[in-house]
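The values are calculated or read from the model by the stated rules, or taken from the named source; none is laboratory data. If you're wondering where the values come from, they're calculated on a predicted model, not measured in any experiment. Ideal geometry is used to build each Cβ from the backbone, glycine not excepted, and the neighbour counts take in all protein chains shown. The area values use the complete protein model at the heavy-atom level, side chains included, leaving out ligands, DNA and RNA. Shrake-Rupley method; radii C 1.70, N 1.55, O 1.52, S 1.80 Å.
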Amino acid sequence: RDGKRFGFVGFNYTRMGLGLSVNADYELLAHDVMQMQRWGTRAVRMTVDMGLTQPEPGVFPDSPRYAELMKKHNLDPRYMDQVDYFIRLAGEQDIYTVLDWHGMPCDPYRYFLGGKPSDRDTGKPGTAIAYLAKSPTEQGEFNPTDPKHQAIMISCHTWLAQHYKGNPNVLGIEIPYNEPHTTEMAVEANWRHVVDLAAKAIAAGDPDRMTFIMAPSYGHNNLLPSVTWMPPDRATGGAPHFYQANGPVPTRPDAKSTASPWLARDVEATLGWSFPAVVMPFSAVNYPFYNGEVGKYGHEVLLNKIEGQKAAEIMVEAGLVQEYAVGMVGGLEWTLWGDNGDFNPYTEIYARQMKRFSPVYEAGPVDRQKAEIAFVQNSEAVPSGNGHNFACVPLAKAVLDLHLPPVHYLTDDQFRYTTSAELSVGLEQVVETAGGINYKAIIADRRKLDAKVEATLKGLKIPVLFIDDAAQLTAEKLAAFLKTAKVSYDDKTPKQIQLIEGPEHLVVYRRLDGGTTPTKIYPQLQKTGVVTLTDESGKVVFTGDAKALATQGLSVDLPVWTSAIYKIESK
């Protein structure tokens with residue numbers, strides 16, 4: 001934007017699928033937009049529905065039959081007009097909209113598509129828009145191999161892109177649809193094909209519109225090449241759903257006795273290093289990606305020993321910190337907007353944390369591309385689970401313990417794909433290393449490592465540390481290797497503290513309990529010349545160059561799982 005990278009914090013906006021399809025309310029939309037603006041919101045993920053956009057094959061909101069079909073199902077024909085109104089009003093407040101396909105015409109009893117949930121399991125035919133259902137009495141799901149289903153998806157994508165062609169208030173469209181998790185879509189080849197169809201459909205309607213891929217496995221897969229380092233060619237970026245409580249952390253002993261056992265995980269591990277590990281497989285990619293759904297979800301189970309409001313704020317703040325730390329361009333809180341149980345009790349938390357982090361994100365994301373250190377590993381060096389790479393957890397912990405700036409994590413197939421050149425020389429096939437490897441140090445895990453990758457690494461002139469088990473890579477062992485490789489690190493700042501340097505801000509987060517507070521931190525800023533650090537109260541707390549800051553340090557007083565933000569300005 002205006003020639004520079006920028007980022008955003010914001011929300012998922014669910015009212016279109018929770019009431020306004022039945023009864024339009026423009027006053028309510030305007031109220032919500034102004035509330036978002038006061039909080040510093042810069043992007044909204046708008047949930048739209050294929051059934052409400054195309055209530056019958058070939059019929060769209062600009063068709064003369066659209067209003068008739070909507071009324072037939074007791075729905076408000078002003079559905080899309082409300083979406084247009086929201087996008088226009090939000091744009092006037094400098095809020096971008098991302099469009100998300102959050103529903104399909106597959107459930108005959110879905111209320112917000114004109115159905116009666118009370119008729120379910122009674123044998124009565126459903127009355128909802130559900131022409132992709134198995135039958136009038138059976139719920140269906142999107143089938144990527146069914147030509148009819150494909151045609152509906154493609155036409156919805158093309159129509160939406162045409163409808164908003166050139167609209168500067170629309171940031172992009174997510175493809176193919178929200179959290180694809182059927183058996184068919186869990187197959188990487190199927191998922192990739194459907195994403196490609198969706199991207200081409202968008203391009204047919206608006207060649208310049210950005211598209212963001214939604215990963216399978218409920219949007220939180222970090223294993224497939226197609227959603228990490230080798231996304232579909234026609235997509236602009238990624239939009240995974242990484243909730244704090246759903247990371248590569250084993251469940252607690254009491255998990256089975258909780259209402260949501262998949263959320264009952266060790267708290268220190270979850271808030272201390274889980275999220276950085278989740279996003280590590282994305283660290284070397286050069287496309288923009290944001291967290292499409294995040295927030296307080298799971299706080300009652302994960303933080304079951306902490307009061308509800310405090311637990312919710314811990315989760316919201318942790319998400320905003322960690323999304324920024326890993327180089328995401330944004331984070332969008334998942335909410336049932338306006339709900340008296342899910343949303344309204346937490347508005348003060350949203351207001352407080354959004355106002356704090358909006359300027360940080362808007363100044364631009366953390367630059368992931370200037371990494372001096374790379375880790376190379378087979379992602380199944382440790383068996384994966386729940387769609388997550390568990391093998392890279394010890395690597396993420398070591399990086400956090402030494403307060404390293406962004407590093408790159410490459411799977412061995414990624415390393416081979418991006419750096420190995422296989423050439424025919426006479427009767428031999430020779431593997432050579434491509435140029436452009438600018439790392440100062442590489443750490444390689446030998447477990448299940450591709451033999452050609454190991455041979456290539458051994459032939460590099462770059463210092464390489466081979467390890468037989470990543471769990472044995474302590475911060476001390478990594479520090480000793482980096483010292484010989486002449487790569488700087490910070491072993492003076494306590495391990496409990498996490499430091500994140502962005503274009504204009506230094507974010508300090510206490511990720512672990514223990515140690516003393518107040519304490520001193522020793523940031524190694526990548527800034528030249530004299531800088532000032534200003535805290536959130538407006539007080540200048542440091543003036544000098546980066547070397548002086550790293551030597552003198554800065555006192556901070558942070559309770560566990562809280563953050564401090566310092567504005568960085570050059571003199």
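Numbers for the structure displayed
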{"read-out": "Segment 552-571, residues that are surrounded by fewer than 16 Cβ atoms within 10 Å (Cβ to Cβ), part of a strand (DSSP E or B) and at pLDDT 95 or above", "value": "S555, E569"}
{"read-out": "Selection from segment 259-301 of residues that are under 30 Å from E372 (Cβ atoms) and among the charged types (D, E, K, R)", "value": "E268"}
{"read-out": "Count - residues of segment 439-458 that are open to solvent by less than 30 Å² (accessible area, probe 1.4 Å) and at pLDDT 95 or above", "value": "6"}
{"read-out": "Residue within segment 72-81 that is touching a residue at least 12 places away in the same chain (Cβ under 8 Å) and within 28 Å of the chain's Cα centre (by Cα) present", "value": "yes"}
{"read-out": "Answer residue from segment 338-359, given it is surrounded by fewer than 24 Cβ atoms within 10 Å (Cβ to Cβ) and hydrophobic (A, V, I, L, M, F, W, C) and is nearest to Y13 (Cα to Cα) among those", "value": "F343"}
{"read-out": "Filter result for K461 (surrounded by fewer than 18 Cβ atoms within 10 Å (Cβ to Cβ), within 26 Å of A363 (Cα to Cα) and at pLDDT below 95)", "value": "no"}
{"read-out": "Out of R42, R15, sole residue that is in contact with a Leu (Cβ under 9 Å, 6 or more places away or on another chain), crowded, with 20+ Cβ neighbours inside 10 Å and either closer than 30 Å to E362 by Cβ or touching a residue at least 40 places away in the same chain (Cβ under 8 Å) (or both)", "value": "R15"}
{"read-out": "Single unsatisfied condition, I306 versus (1) outside any helix (DSSP H, G or I); (2) at pLDDT 95 or above; (3) crowded, with 23+ Cβ neighbours inside 10 Å", "value": "(3)"}
{"read-out": "Qualifying residue in segment 210-219 (condition: open to solvent by 10 Å² or more (accessible area, probe 1.4 Å), in contact with a strand residue (DSSP E or B) (Cβ under 8 Å, 6 or more places away or on another chain) and under 25 Å from N378 (Cβ atoms))", "value": "no"}
{"read-out": "Some residue of segment 132-151 being open to solvent by 10 Å² or more (accessible area, probe 1.4 Å) and in contact with a Lys or Arg (Cβ under 6 Å, 6 or more places away or on another chain)", "value": "yes"}
{"read-out": "Selection from segment 18-39 of residues that are open to solvent by less than 30 Å² (accessible area, probe 1.4 Å), touching a residue at least 60 places away in the same chain (Cβ under 8 Å) and either among the hydrophobic types (A, V, I, L, M, F, W, C) or in contact with a His (Cβ under 6 Å, 6 or more places away or on another chain) (or both)", "value": "L20, V22, L29, V33, W39"}
{"read-out": "Residue within segment 248-265 that is in a loop (DSSP other than H, G, I, E, B) and under 16 Å from the mean Cα position of the chain (by Cα) present", "value": "yes"}
{"read-out": "Yes/no for G364 being on the phi > 0 side of the Ramachandran plot, out of contact with any Ser or Thr (no Cβ under 6 Å at 6 or more places or on another chain) and at pLDDT 95 or above", "value": "yes"}
{"read-out": "Considering residues of segment 367-397 that are in a strand (DSSP E or B) and modelled with pLDDT under 95 only, the residue nearest to the chain's Cα centre (by Cα)", "value": "H388"}
{"read-out": "Matching residues in segment 380-423 - criterion: being of a type in the set (D, E) and open to solvent by 20 Å² or more (accessible area, probe 1.4 Å)", "value": "E380, D401, D413, E422"}
{"read-out": "All positions within segment 177-198 that are β-branched (V, I, T) and surrounded by fewer than 16 Cβ atoms within 10 Å (Cβ to Cβ)", "value": "T182, T183, V187"}
{"read-out": "Residue, most open to solvent (accessible area, probe 1.4 Å), within segment 154-176, restricted to residues that are over 17 Å from G237 (Cα atoms) and in contact with a Leu (Cβ under 7 Å, 6 or more places away or on another chain)", "value": "I154"}
{"read-out": "So L482, is it surrounded by 17 or more Cβ atoms within 10 Å (Cβ to Cβ), more than 28 Å from the chain's Cα centre (by Cα) and in contact (Cβ under 8 Å) with a residue 60 or more places away in the chain", "value": "yes"}
{"read-out": "Residues being part of a helix (DSSP H, G or I) and of a type in the set (A, V, I, L, M, F, W, C) - total across segment 273-303", "value": "9"}
{"read-out": "Test for F86: is it open to solvent by 10 Å² or more (accessible area, probe 1.4 Å), in contact with a helix residue (DSSP H, G or I) (Cβ under 6 Å, 6 or more places away or on another chain) and touching a residue at least 60 places away in the same chain (Cβ under 8 Å)", "value": "no"}
{"read-out": "Flag if Q524 is modelled with pLDDT of 95 or more, open to solvent by 70 Å² or more (accessible area, probe 1.4 Å) and touching a Gly at 6+ places or on another chain (Cβ under 8 Å)", "value": "no"}
{"read-out": "Criterion: farther than 27 Å from G58 by Cα and out of contact with any strand residue (DSSP E or B) (no Cβ under 6 Å at 6 or more places or on another chain) - qualifying residue of M185, M230", "value": "M230"}
{"read-out": "Filter pass, F289 being open to solvent by less than 10 Å² (accessible area, probe 1.4 Å), in contact (Cβ under 8 Å) with a residue 24 or more places away in the chain and within 12 Å of the chain's Cα centre (by Cα)", "value": "yes"}
